[in-house]
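K.L.:
The following block contains the structure, expressed as structure tokens.
No lab work stands behind these numbers, since they all come straight from the coordinates. Bear in mind the structure is a predicted one, so any value in this text is a computation, not a measurement. FYI the Cβ positions are ideal-geometry reconstructions off the backbone, even for glycines, and counts take in every protein chain you see.
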């Protein structure tokens, strides 16, 4: 078997988001280890899914331990403290994602809420499972494919992999369900929030304030704040910060811009503040994040 984990370099370059069936997902990173010995206890503010290709180990969450073996699939949910350990090391692929609520249909927000509450974090799948083929196809394509449509191909494979994984843990909505809410998905409230989200994306480098955005859309600050909260479950400030961090991860993975310039381009008031927020949310300092996900390929990792 080739070193599939090497595919993470181009995946981090090309696949920073996934679009599926009326949902938009932000991808924070793709990763892989040839010999993964584990991590210390930590938490994420987003989902992380991992696939064991070889070796054995243990995943611990909420003081419950789960054995890991080849073809184990792990779904780590937001804000769940967890750790991984392996004596001999595991051949291991993973990526992190989060639903962009303001750009996704209502039923997807409900699905993600259920996913956070209802699932067992580890399942033991078969070698011939659909997601198993897709993991390998995606990472292998990132290594081997060189043609001009490589980016589109990788995005398409990723958009097939994610729903296959999600459906393995918690059944995706039936087709009839997705059709029932179509009218509701495109009402004026949703359209306004969607336009505001696009406005935020196009103006991340500016010192955006909700009062000024509300003025640009001819609504009151209070009304816009309430709409955003009702439609996304988040505040204007939270969405703004998420979009800035999402853009920052793209710059760190796909460009040679200095970290100071990235902080400025993403609208952070200072390099210090950017580093503080990025490290707090992504759980990795910007410089280390770039080193891991841009130009280096690790074959072995062990926590000290």
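K.L.:
In nanometres, what is the gap between the two model label sites at residue 188 and residue 146, each 7 Å from Cα along Cα-to-Cβ?
P.N.:
5.7 nm
K.L.:
When only C-alpha pairs under 8 Å and at least 6 residues apart count, what is the relative contact order of the chain, in percent?
P.N.:
22 percent
K.L.:
Report, to the nearest 10°, how far helix 236-254 tilts away from the longest principal axis of the Cα atoms in the chain, using its own Cα long axis and a range of 0 to 90°.
P.N.:
50 degrees
K.L.:
Could I get the Rg over Rh figure for the range 4-177? Both from C-alpha atoms, Rh via Kirkwood, rounded to two places.
P.N.:
0.95
K.L.:
May I ask for the angle, rounded to the nearest 10°, between helix 106-118 and the longest principal axis of the chain, with both axes built from Cα atoms and the value confined to 0 to 90°?
P.N.:
Value to nearest ten degrees: 40.
K.L.:
Report the extension gain between residue 42 and residue 270 in nm, rounded to one decimal, defined as 0.36 nm multiplied by the number of residues separating them, less their alpha carbon distance.
P.N.:
79.4 nm
K.L.:
Can you give the FRET efficiency to the nearest 0.05 for residue 87 and residue 257, using r as the Cβ-Cβ distance and R₀ = 51 Å?
P.N.:
The computed FRET efficiency comes out at 0.80.
K.L.:
Short version: what are the Cα gyration tensor semi-axes of the chain, square root of 5 times each eigenvalue, largest first, in whole Å?
P.N.:
Semi-axis lengths for the chain are 32, 24, 19 Å.
K.L.:
If you consider only alpha-carbon coordinates, what radius of gyration and Dmax does the range 187-293 have, in Å?
P.N.:
Cα-based Rg and Dmax for the range 187-293 come out at 15.0, 44 Å.
K.L.:
Another question about this same structure. Quick check: the angle from helix 221-232's long axis to the longest principal axis of the chain, C-alpha only, nearest 10 degrees?
P.N.:
Helix 221-232 sits at roughly 30 degrees to that axis.
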